[in-house]
Every structure is written in C-alpha cells, then in structure tokens.
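Visitor: Please find one structure pasted underneath; my questions will follow.
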C-alpha cells in the first residue's frame, strides 16, 4: 500500500490530484492481494488492472501536455519512461494471473510501487522545478 504523503506533492493541483488517483487505483490491487476472503479474485483483478491502465494513460497525456506547455527539455526522455510503464501493463498476461493470482499480483505490486514512488519523487519533480 502506498500512502499519499506531502513529499509526493508537485505543487501542480491537477497533477497532484491525478497522482492521488493513481495511488488509489494501485491500493485497490494491494487490497485484492491481501483480502483472503475473496476466493476467486480473477474478475476483480482484471478490472483493477484495466482501471489502472486506463487512468495511467489519461494521466500521462495530461502530464505530457503540461511538459510541452512549459517546454520541458527532457520531455522525450520522460515520455519514454511513460511508454515503458504502459508497455509493462499492456504485457500483463491475464491467463497467468488466473493460474497464480497471489504470485503474479505480488510481482506486479512490487514493480508498481517502485515505479510510482520513484517516478513521482524523482522524474516528476524535475519538470516541476522548472515549470
């Protein structure tokens, strides 16, 4: 679970609001992983991943628009990192999730936790500092 704390703030209201939503969607996957009372999680896991994927694309478009508006010099480098995450999420094999939900979810959560935190704290703070 990733708790939203002040150090994640960019100071850009729209971006902060969208980052909070990304964290919420991630935490939904975390909740599914930890809920032992749901026997067949497959449909809920797929829904949660699809929601995360859809919202991530929406957020990246908004963030990239902002970076273009401030003429961020590392725009293409930053956009490439966005594309890498989208490719990772797009490559998720739902059949594997159905076979081994817990293991696959744990791997996905570890990756997303590291990516989200590092991206917000390091990558996003770079364009904020010049905007």
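Read the figures in this text as sums done on the coordinates, not as results from a lab. The model shown is predicted, which means the values in this text are computed figures rather than measured ones. Positions of Cβ are generated from backbone atoms using ideal geometry, with glycine treated the same way; all protein chains shown enter the neighbour counts.
Visitor: Each label point is 7 Å from the Cα along the Cα-to-Cβ direction; what then is the distance between the points at residue 77 and residue 34, in nm?
Guide: 3.6 nm
Visitor: Whole number please: convex hull volume per residue, Cα atoms of the chain, in Å³.
Guide: Convex hull volume per residue, Cα atoms: 91 Å³.
Visitor: Quick one: P(r) of segment 1-47 from all Cα-Cα pairs, 5 Å bins, percents rounded to integers, in order of increasing distance.
Guide: Percent of pairs per bin, in order: 4, 20, 24, 17, 13, 10, 8, 3, 0.
Visitor: By how many nm would the segment from residue 126 to residue 58 lengthen if fully extended, with 0.36 nm per residue of separation less the alpha-carbon distance?
Guide: Result for the pair: 22.4 nm of gain on full extension.
Visitor: Multiply the residue separation of residue 113 and residue 46 by 0.36 nm, subtract the distance between their alpha-carbon atoms, and state the gained length in nm to one decimal.
Guide: Fully extending the segment from residue 113 to residue 46 adds 22.3 nm.
Visitor: Quick one: Cα centre-to-centre distance for segment 22-40 and segment 64-116, in angstrom?
Guide: What the calculation gives is 18 Å, centre to centre.
Visitor: For residue 69 and residue 103 in one chain, what is 0.36 nm times their gap in residues minus the Cα-Cα distance, to one decimal in nm?
Guide: Full extension from residue 69 to residue 103 adds 8.1 nm.
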